[in-house]
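Please treat every number below as a calculation from the coordinates, not as lab data. Given the structure is predicted, the values throughout are model-derived calculations rather than measurements. Every residue, glycine among them, receives a Cβ derived from its backbone with ideal geometry; neighbour counts consider all protein chains shown.
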């Protein structure tokens, strides 16, 4: 079965052809994904933002900015944060939209 891209996926694929859009979109997605992962890991560790900040010798507002996708930590800081939570980083990359924006193949599992 061939499934056409949703209209928003097609619009995104078209917008990503603009290098400036792609740059900002990629940066925002990365910061948002990091912030979500950080908030989840902190909660699993049963720490408040303030407690994590104290362990890292940073401020609570800085942790809040990171979790909200507003901060831009260095890779060194990212590693330090997750190590403090007993975690390591595992990076996975995937296409933002399918490689062929006109259609994608979908296996029929019925």
Quickly work out the residue 12-to-residue 51 label distance, labels modelled 7 Å from Cα along the C-beta direction, and quote it in nm with one decimal. 3.5
Going by average Cβ density within 10 Å per residue, which order do the peptides 78-84, 54-60 take, highest to lowest? 78-84, 54-60
If the convex hull of the alpha-carbon atoms of segment 2-105 is projected onto planes in all directions, what is the mean projected area in square nanometres? 8.0
What full-extension length gain, to one decimal in nm, is calculated for residue 96 and residue 68 as 0.36 nm per residue of separation minus the Cα-Cα distance? 8.0 nm
